[in-house]
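Q: The following block contains the structure, expressed as structure tokens.
Quick note: the coordinates plus some simple rules give every number you see, no bench work behind them. If you're wondering where the values come from, they're calculated on a predicted model, not measured in any experiment. Neighbour counts run over all protein chains shown; Cβ positions are idealised from the backbone, glycine included.
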Amino acid sequence: MILDWLQSLGQRALSFFQRLGRGHITLYYLLISIPSVLMRPRLLLQQVYSVGVLTLLIILVSGLFVGMVLGLQGYNTLARFGAEQALGTAVALTLVREMAPVVTALLFAGRAGSALTAEIGLMKATEQLSGMEMMAVDPNKRVLAPRFLAGVIAMPLLAAIFAAVGVMGGYFVGVGLLGVDEGAFWSQMQANVDLRDDVFNGIIKSMVFGVVAVWIAIYEGQDATPTSEGVSRATTRTVVHTSLAVLGLNFILTALMFGE
Amino acid sequence: MAQDETAPLVRIRGLRFARGERVIFDGVDLDIRRGGITAIMGPSGTGKTTLLKLIGGQLRPQAGSIEVDGLDVHRLSRDKLFELRKRMGLLFQSGALLTDLNVFENVAFPLREHTRLPESMIRDLVLMKLEAVGLRGARALMPSELSGGMARRVALARAIALDPMMVMYDEPFTGQDPISMGVLVKLIRRLNDALSLTSIVVSHDVQETAAIADYIYLLSGGKVVAHGSPEELGRADSAWAQQFMQGLPDGPVPFHYPAADYATDLLAGDEGDKA
Amino acid sequence: MMHARHIEIAVGAFVAAGMAALFLLAMQVSNLSVVGGDEGYQVSARFDNISGLKVRAPVTVAGVRVGRVTAVEFDPNTYQALVTMRIHPRYNQLPLDTSASIFTSGLIGEQYVSLEPGGDMEYLTEGSELILTQSALVLEQLIGQFLFSMGSGDKE
């Protein structure tokens, strides 16, 4: 009984390390293929379109609503201490440090990451990747690396857009609806949000999340069992694993960046 | 390239390949002659597709060697292997067309990837290849709009886009209606002769394959069971070859999957399955 | 080729929007426009007690932000806190005998350093030290002193 349990534990651990190893091999090939992507910007452009532009709408809408909710909740909390003036600070810091990188990465996983996995999984299932290899075309360079690089480029831009739109949303609610003084809103924000410590750190976070999100999406697509069930399972795994990885990494990054 | 013209284009010696516990090839020797159509036949699940992937260098054998045009496929560096692959075409069973490109771009794909030809010349080449498979009119269609037979013909046009020395066909006749089957049979023969290719056809469709092949290898149980020209195989005294070539339901390959005795199995009831 | 053009325009717009958002975050949301990162000159001051003064806390003159705290250290020789501040180069005419105090903004707000210009003819430069300092008021000490004086008052 206990031996069975130990065996299954061992099996799981082994397969986990196997997957981890394969994931790193994937990452290695992606990284060494990046120079050849830079030689063909057109491929990159196409992928920035499909992972970036097509994710823009959901980012805009979510950013606006998250900012508005932060405005409302922040106002209610701060008004108890008579500190409504600090609303701008509260909204901007929450967005720039945490919300924008994390929520963008989660939305990205749901919108672009899952689509990437499904696309690559299907390309594998229909032997397109294998066919390319037989045509002496390296799928890493032609298919995977452009998607990887596009995701890494798109993520910080999306996060910046999310934060900017969110600040707007907080402004509409705070200043427009709840009557916080406009001058205080902006000046308090500017006084307390630091470009390097807050904005840049937020951008660095979202770059890290970008790498992790596309890496997982591409790995899962490539590793998918080439059947429709396998692809659908890989897609689910992409969203789940990316979300967990982003949330976990966010804690570590926050501790490193903002901890004292 | 300065190889002896009479030497076989592909030479396989002592090939052994296993997937996990399952041994797929166990000491296979094969020669593919230049300029001819060689068929590799055998029942489903004998690893015929695996053999093509081994020749193409996508899989690695556990033992034995595969030489293509004098080069040991599995000893080549990645760059050399890619160079060699430019001279081989592989036609996948599914066609493996790139679904986000239309017919024209699919055929143009290897040209764009491997050459720096001007657009007008690419266009001429693509139209020539499409004309050869009779699909010049379908150039603007997307792969999802093609029938299975058409997709295979487009894939064939793509496989010959770089004028390879050899084309490998993976089950080209499976699941085709009689008309597209006839078209493919004729195409394979015609392209082979017109472009002086060497063709390898992997199939289990006896009639069609025998009609175009110059030489046939029969594989079963991980070994070459018989080989020879279609006529020779028709007269082969191997009982297995006879059963396969004539499509008999019972023979050396039994109709029944190995099982316990029928009567005892029935009498055992549920207990039998649990044991 | 219309399709390729459409994609290029969309990507261009996307990248431009991202850049604009970054610009907005830099200029409007954060304090890039107020105090630059490495510009300006550094001065130091020693305090007996800095209470909760943190790195990045504002340095003000007459309530106007002129710089920020860049380092807070303990000086083992004098048993005092050594606070280093970076002042924006625009404010380079602060007298040498300027005094520094640590105040709290509001009842529960953050600590900040307030500079009180003196009358010297020379100005603070890189590496100057502010001699006159006034430590932070620690609430517990104040309350303790208040209770103590109350208690001693009763006895008299």
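Q: So who's got an amide H within less than 5 Å of the one on C:L124, skipping anything under 5 residues away but keeping other chains? H placed 1.01 Å off N, in plane.
A: Those lying under 5 Å, H to H, from C:L124 are C:L94, C:L96.
Q: Just to confirm my numbers, what's the Cα centroid distance between region A:202-260 and region B:82-148 in Å?
A: Centre-to-centre (Cα) distance: 36 Å.
Q: When Lys and Arg each count +1 and Asp and Glu each count -1, what net charge do the other residues less than 13 Å away from B:I32, Cβ to Cβ, add up to? Numbers along the way, then the final one.
A: Values: positive: B:R11, B:R13, B:R33, B:R34; negative: B:D29, B:D31, B:E67, B:D69, B:D214.
The answer is -1.
Q: Give the angle, between 0 and 90 degrees and rounded to the nearest 10, that separates the Cα long axis of helix C:139-155 from the longest principal axis of the Cα atoms of chain C.
A: That helix lies at roughly 20 degrees to the long axis.
Q: Given +1 on the Cβ of Lys and Arg, -1 on the Cβ of Asp and Glu, and no further charges, what dipole in debye does region A:22-181 carry about its Cα centre, rounded to the nearest 20?
A: Details: 10 positive and 7 negative charges, 72 e Å.
Charge dipole, region A:22-181, about its Cα centre: 340 debye, nearest 20.
Q: Of B:G57, B:T6, B:G27, which is farthest on the positive side of the dipole of region B:1-61, counting Cα position, with +1 on Lys and Arg Cβ, -1 on Asp and Glu Cβ, and the Cα centre as origin?
A: B:G57
Q: Can you give the average number of partner chain beta-carbon atoms within 10 Å of each beta-carbon in peptide B:78-88, as a whole number? The partial results should precede the final answer.
A: Details: counts 1, 1, 0, 2, 5, 1, 1, 5, 3, 1, 3.
The mean count of partner-chain Cβ atoms within 10 Å per residue comes to 2.
Q: Search the structure for amide H atoms under 5 Å from the amide H of C:V61, placed 1.01 Å from N in the peptide plane, and list their residues when 5 or more places away or on another chain.
A: C:V66, C:L115
Q: Go through region B:8-13 residue by residue and turn each phi into a ³J(HN,Hα) via Karplus (6.51, -1.76, 1.60, θ = phi - 60°); whole Hz please, and just put x for glycine and proline.
A: x, 6, 10, 10, 10, 10
Q: What value does region A:163-260 have for Rg/Rh, both radii from Cα atoms and Rh as Kirkwood defines it? Walk me through the intermediate numbers first.
A: Numbers: Rg = 19.3 Å, Rh = 16.4 Å.
Looking at region A:163-260, the ratio lands at 1.18.
Q: Rounded to two decimals, what is the ratio between the C-alpha radius of gyration of chain C and 2.2 N^0.38 Å? Walk me through the numbers before you get to the answer.
A: On the way: Rg = 23.4 Å, N = 156, 2.2 N^0.38 = 15.0 Å.
Normalised by 2.2 N^0.38 Å, the Cα Rg of chain C equals 1.56.
Q: How far is helix B:103-114 tilted off the main Cα axis of chain B, in degrees rounded to 10, range 0 to 90?
A: 80 degrees
Q: Which of the helices in chain A meet the span-like rule: DSSP H, Cα axial reach of 30 Å or more, Kyte-Doolittle mean at least 1.6? Before the final figure, lay out the partial values.
A: Values: long enough: A:2-38 (54 Å, 0.62); A:54-80 (41 Å, 1.55); A:145-171 (39 Å, 1.64); A:201-223 (33 Å, 0.91); A:228-258 (44 Å, 0.88).
TM-like helix candidates: A:145-171.
Q: Bin by bin, in steps of 10 Å, what percent of the Cα pairs in region B:108-247 do you find, going until the bin that has the longest distance?
A: 10, 36, 30, 15, 7, 1
Q: Can I ask one more? Using the charge dipole of region A:23-254 (Lys, Arg: +1 at Cβ; Asp, Glu: -1 at Cβ; taken about the Cα centre), state which of A:A224, A:G210, A:V167 has its Cα farthest towards the positive end.
A: Projecting each Cα onto the dipole axis, the largest value belongs to A:A224.
Q: Just counting partner chain Cβ atoms within 10 Å, what average do the residues of peptide C:12-23 show around their Cβ? Numbers along the way, then the final one.
A: Working: counts 3, 2, 11, 6, 1, 10, 12, 3, 3, 13, 10, 2.
Partner-chain Cβ atoms within 10 Å, mean over residues of C:12-23: 6.
Q: Chain B: D in µm²/s via Stokes-Einstein (Kirkwood Rh, Cα pairs, 20 °C, 1.002 mPa s)?
A: Working: Rh = 20.3 Å.
Answer, rounded: 105 µm²/s.
Q: Follow-up. Please work out whether region A:99-155 counts as rounded, prolate or oblate from its C-alpha gyration tensor, where a ≥ b ≥ c are the square roots of the eigenvalues and a/c under 1.5 means rounded, while otherwise a/b larger than b/c means prolate and anything else oblate? Mind showing how you got there, number by number?
A: On the way: a/c = 6.34, a/b = 2.12, b/c = 3.00.
Oblate, since a/c reaches 1.5 and b/c is not below a/b.
Q: In deg cm²/dmol and to the nearest 500, what is the mean residue ellipticity at 222 nm of chain C if only DSSP H runs of at least 4 residues count, each as -39500 (n - 2.57), divided by the residue total?
A: Details: 2 runs with 40 residues, N = 156.
-9000 deg cm²/dmol, from helical runs alone.
Q: Tell me which residues come under 5 Å, amide H to amide H, from B:G221 once H is placed; ignore anything under 5 positions away on its chain.
A: Placed amide hydrogens put nothing under 5 Å from B:G221.
Q: For region A:1-100, what class follows from the C-alpha gyration tensor (a ≥ b ≥ c being the square roots of its eigenvalues): rounded when a/c is under 1.5, otherwise prolate if a/b is larger than b/c, else oblate? Could the numbers behind the result be given before it?
A: On the way: a/c = 3.58, a/b = 1.41, b/c = 2.53.
Taking the square roots of the gyration eigenvalues as a ≥ b ≥ c, region A:1-100 is oblate.
Q: I'd like the GluC sites (Glu not before Pro) in region B:9-113 restricted to DSSP loop residues with at most 10 other Cβ atoms within 10 Å, sorted by number. All intermediate terms of the calculation are to be shown ahead of the outcome.
A: Values: sites: B:E21, B:E67, B:E83, B:E105, B:E113; in loops: B:E21.
In loop regions of region B:9-113 (DSSP not H, G, I, E or B), the sparsely surrounded GluC sites (Glu not before Pro) are B:E21.
Q: Let me ask something else. Which residue fluctuates most in the GNM of chain B (Cα springs below 10 Å): B:R136, B:R22, B:R190?
A: Result: B:R22 has the largest fluctuation of those listed.
Q: Once phi is turned into ³J(HN,Hα) by the Karplus curve 6.51 cos²θ - 1.76 cosθ + 1.60 with θ = phi - 60°, what whole-Hz value does each residue of region A:134-143 show in order, with x for glycine and proline?
A: Calculated HN-Hα couplings, in order: 5, 8, 6, 10, 7, x, 4, 7, 7, 10 Hz.
Q: Measure off 7 Å from each Cα along the Cα-to-Cβ vector at C:I9 and C:T78, then give the distance between these two points in nanometres to one decimal.
A: 6.7 nm
Q: For region B:1-58 and region A:3-58, what is the separation of their Cα centres, given in Å?
A: Between the Cα centre of region B:1-58 and that of region A:3-58, the gap is 33 Å.
Q: Next question, about the same structure. Take the alpha-carbon positions of the protein assembly as shown, form their convex hull, and give its projected area averaged over all directions (one quarter of the hull surface) in nm².
A: Values: hull surface 203.6 nm².
Mean shadow area of the hull around the Cα atoms is 50.9 nm².
Q: Further, regarding this structure: Name the residue, out of B:A159, B:A211, B:A263, whose mean-square fluctuation peaks in a Gaussian network model built on chain B with Cα pairs under 10 Å.
A: B:A263
Q: A further question follows. Residue by residue through A:198-210, how many Cβ atoms from other chains fall within 10 Å of the Cβ on average? Write out the running numbers ahead of the final one.
A: Working: counts 4, 7, 4, 0, 1, 2, 0, 0, 0, 0, 0, 0, 0.
The mean count of partner-chain Cβ atoms within 10 Å per residue comes to 1.
Q: Using the Cα centre of the protein assembly as shown as the reference point, and only Cβ charges (+1 on K/R, -1 on D/E), how large is the resulting charge dipole? Debye, rounded to the nearest 20. List each step's numbers first, then the result.
A: Numbers: 56 positive and 67 negative charges, 369 e Å.
Using only the charged Cβ atoms, the result is roughly 1780 debye.
Q: If the elastic network links every pair of Cα atoms under 10 Å, which of A:N201, A:N140, A:N192 fluctuates the most in the Gaussian network model of chain A?
A: A:N192
Q: Could you calculate, for chain A, the ratio of the Cα radius of gyration to the Kirkwood radius, expressed as Rg to Rh? Don't jump to the answer; show the numbers that get you there.
A: Values: Rg = 21.4 Å, Rh = 19.9 Å.
Across chain A, the Cα-based Rg/Rh ratio is 1.07.
Q: List the lysines whose Cα sits under 30 Å from the Cα of B:K129, skipping any in the same chain fewer than 8 residues away.
A: The reachable lysines, counting only those whose Cα sits under 30 Å from B:K129, are A:K124, A:K141, B:K48, B:K53, B:K80, B:K86, B:K186.
Q: May I pose another question? Hey, what number do you get for chain A at 222 nm if only DSSP H runs of n ≥ 4 count, each worth -39500 (n - 2.57), divided across all residues, to the nearest 500?
A: After summing the helix terms and dividing by the residues of chain A, the value is -26000 deg cm²/dmol.
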